[in-house]
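Colleague: Below is one structure. I have some questions about it.
All of the numbers you see were taken from the coordinates with simple rules; none came from a lab. What you see is a predicted model; the values in this text were computed from it and never measured. Here the Cβ positions follow ideal geometry from the backbone for every residue, glycine too, while neighbour counts run over all protein chains shown.
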Amino acid sequence: MKTFDYIIVGAGSAGCVLANRLSVNPAISVCLVEAGGPDKDPTIHMPLGYGKSLHNPKLSWNFFTQPDPHLGGRRLPLPRGKTLGGSSSLNGMIYIRGQAEDYNSWANLGCTGWGWDDILPYFKKLENYEGGEAGLHGDDGPLTVSRLLHHNETNEHMLRAFEEYGLKRTDNFNGAHQDGAGYYDVTIKKGKRCSSAEAYLKPARKRKNLTILTNALTTKIKFEGKRAVGISLQKNGETQTLIANKEVILSAGAYQSPHLLHLSGIGDGAHLKSIGIDVVHDLPSVGENLQDHYMSPMAWEINPGYYTYNNQLSGLALLKNVLKYYAFKKGPMTIPAASVGAFMKSDPVLDRCDLQFHCLAVSGDLETASRGENSKLTDYPGLTIGGAQLRPESRGWVKAGSSDPLSPPRIVHNYLSAEIDRSLTLKAMHIARDVVKMPSLKPVIKMETLPGLEAASDDEMLDFQKQLGTTMYHPVGSCRMGSDDKAVVSPDLKVKGVQGLRVIDASVMPRLISGNTNAATKAIAEKGADIILSE
């Protein structure tokens, strides 16, 4: 049995940060355990390669929800990274920190030390930010945050249309104010994806006190009484045990961290007993409070002569652009999941934005995507606008379905179960329809294709999104942080009721932030590492 000071389970967005920061001290031994393989697949590093890697079973867990009762029994695909870098090796590379009020609300909920003034230094610490506002951004951190490399005139038409609708133009969604329309910042470095593995793990890999195990599935946390002392894992068909002198740290994400806690005997005691798991600590809130952003995509066919990636990513044009990418790291293959976007208020009386839009000059086959298959383009040139409510009230859960560690977790999101979520989904769709009627987009648009103008009533529009709406891949909250008895972890990220065990990943967020979650996950890990080292 090998022994380390710290064992980190999951080499994803948070785990890579922790491995780097904890192993800076050569006197501390760290083992980072990842169920997936090395991040060598070329589709990881080419930014637009996420269209192929997202559902690749060699790189993604390819989870599905249980039949969702609020979406007509649909089972939604939930891809999560299964390689070094985790989901930061598969995501859309959009960098959003969220609003100051998001973190202040955490502090108000009992997460002492997690307000905006507390977390901002960690965003600055992690960033190598291109052209940010003085005092709000870092310029020497490991994570490259850059401006978009590839622009096109259709994106400009979309941005001008949002301005005509009433939004201001912004060049920084991560500045003092989030509202406006503009280009997204991206985690792309010199034309290549800058994942957590690239930013944090690569510089640390040669440290003698850091051991990285890949293709090693953690199956259980080992306890002596109520103290975590190590883990069991499967590698190369064999079961191995690793011992942690100080702590075991779960960084497996919002689905797998609670799942592993359940498999290890921490969770709702009645449920654990019902599936044959011995209870170490009865903590019913493990796996509860699951939240996610639900995307409501709409698409339009555009008139000939306007730029669209439907033309650039098929046939000879695709081959040309791939060659251009490998030769110069430029062109359409460098684009993120959405190039431009907007943040706005659904009602002017609100104190902050509650709607986000992702916009891209391309249209895809939503039915294919809804089945968890690799992206396919429509046969017509198009553009897509996807709206989302930033702070949904719908809540779901994650549970172990059996005592078998090879069996996937049972996941229920209950998307659109809250009335406010349905109302704001419709609001976002109406706004998108209004934006495309603005003078700058009106000559570009030929016709609405999804859902199409036959979906005229609110009921018809909502039915469409229940059928083809999608996750934004932002699950959080299932190991909620807080000071109350029902919280899973305390503000120092220690699992309540046991010793030697922490959770440090997106699952600890008590509430979803207002935007894409990858930046916040890294900041949580930066602060978590500081908490550990200060002790």
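Colleague: What does the charge count near GLY230 come to, summing +1 for each Lys or Arg and -1 for each Asp or Glu among other residues with Cβ under 10 Å from its Cβ? Write out the running numbers ahead of the final one.
Modeller: Numbers: positive: LYS2, LYS220, LYS222; negative: GLU224.
Around GLY230, the surrounding residues sum to +2.
Colleague: Then there is this: Which one, VAL495, LEU136, MET333, projects farthest toward the positive side of the charge dipole computed for the chain from Cβ point charges (K/R +1, D/E -1)?
Modeller: Most positive-ward Cα: MET333.
Colleague: Under 16 Å from the Cα of LYS273, which aspartates and glutamates turn up, not counting those fewer than eight places away in the same chain?
Modeller: ASP282, ASP404
Colleague: For ALA327 and LYS58, compute 0.36 nm times the residue count separating them, minus their Cα-Cα distance, and round to one decimal in nm. List each step's numbers first, then the result.
Modeller: Working: separation 269, 0.36 × 269 = 96.84 nm, distance 2.70 nm.
Gain in length upon complete extension: 94.1 nm.
Colleague: So, one more: Based solely on C-alpha atoms, express the radius of gyration and the Dmax of the stretch 375-435 in angstrom.
Modeller: Every Cα atom of the stretch 375-435 included, Rg and Dmax give 17.3, 51 Å.
Colleague: So, one more: What's the local net charge at ASN215, with K and R +1, D and E -1, over the other residues with C-beta under 9 Å away? Display every interim value, and only then the final one.
Modeller: Working: positive: LYS235; negative: GLU34.
Net of charged neighbours comes to 0.
Colleague: Normalised by the residues of the stretch 1-148, what does the relative contact order come to in percent, with Cα pairs under 8 Å and at least six apart? Please report the intermediate quantities before stating the final value.
Modeller: On the way: 218 pairs, mean separation 23.4, N = 148.
Value for the stretch 1-148: 16 percent.
Colleague: So for the chain, taking the charge dipole from beta-carbon charges (+1 Lys/Arg, -1 Asp/Glu), which of ILE531, ILE513, ILE8 sits furthest toward the positive end?
Modeller: Of the listed residues, the answer is ILE8.
Colleague: Roughly how big is the stretch 1-99's charge dipole about its Cα centre, with Cβ charges of +1 (Lys, Arg) and -1 (Asp, Glu), in debye to the nearest 20? All intermediate terms of the calculation are to be shown ahead of the outcome.
Modeller: Working: 10 positive and 5 negative charges, 37 e Å.
Rounded to the nearest 20 debye, it is 180 debye.
Colleague: Moving on to the next point. Considering only Cα-Cα distances, which of the following residue pairs are longer than 19 Å: LYS226/LYS494; LYS168/LYS446; LYS235/LYS494; LYS125/LYS192? List each step's numbers first, then the result.
Modeller: On the way: LYS226/LYS494 13 Å; LYS168/LYS446 26 Å; LYS235/LYS494 28 Å; LYS125/LYS192 21 Å.
Correct reply: LYS168/LYS446; LYS235/LYS494; LYS125/LYS192.
Colleague: Would you work out which of LEU468, HIS55, GLN66 lies farthest towards the positive end of the dipole of the chain, given +1 charges on the beta-carbon of Lys and Arg and -1 on that of Asp and Glu, about the Cα centre?
Modeller: Looking along the dipole axis, the top candidate is HIS55.
Colleague: Based on DSSP H runs of at least 4 residues, each adding -39500 (n - 2.57), what is the mean residue ellipticity at 222 nm of the chain after dividing by all its residues, to the nearest 500 deg cm²/dmol?
Modeller: Numbers: 14 runs with 136 residues, N = 535.
About -7500 deg cm²/dmol.
Colleague: When ranked by the protection proxy of mean other Cβ atoms within 10 Å per residue, highest first, what sequence do the peptides 496-502, 357-363 form? Could the numbers behind the result be given before it?
Modeller: Working: 496-502: 19.7, 357-363: 25.0.
Order by mean packing, descending: 357-363, 496-502.
Colleague: In debye, nearest 20: dipole of the stretch 129-225 around its Cα centre with unit charges on the Cβ of K, R (+) and D, E (-)? Please report the intermediate quantities before stating the final value.
Modeller: On the way: 15 positive and 13 negative charges, 210 e Å.
Value, rounded to 20: 1020 debye.
Colleague: What's the Kirkwood radius of the chain in Å, using all Cα pairs? Show your work: numbers first, answer last.
Modeller: Values: mean 1/r = 0.0428 Å⁻¹.
For the chain, the Kirkwood estimate is 23.3 Å.
Colleague: Counting only C-alpha contacts under 8 Å and six or more residues apart, can you give the relative contact order of the chain as a whole percent? Display every interim value, and only then the final one.
Modeller: Values: 1347 pairs, mean separation 119.5, N = 535.
Once divided by the residue count of the chain, the mean separation gives 22 percent.
Colleague: Where the only charges are on Cβ atoms (+1 Lys, Arg; -1 Asp, Glu), what is the dipole of the stretch 2-534 about its Cα centre, to the nearest 20 debye? Walk me through the numbers before you get to the answer.
Modeller: Details: 59 positive and 55 negative charges, 408 e Å.
That gives a dipole near 1960 debye.
Colleague: Then there's this: Sorting check: for 115-121, 11-17, 333-339, 216-222, which peptide has the highest mean count of neighbouring beta carbons within 10 Å, and how do the rest follow?
Modeller: Working: 115-121: 17.1, 11-17: 32.4, 333-339: 24.0, 216-222: 20.4.
Descending mean neighbour count gives 11-17, 333-339, 216-222, 115-121.
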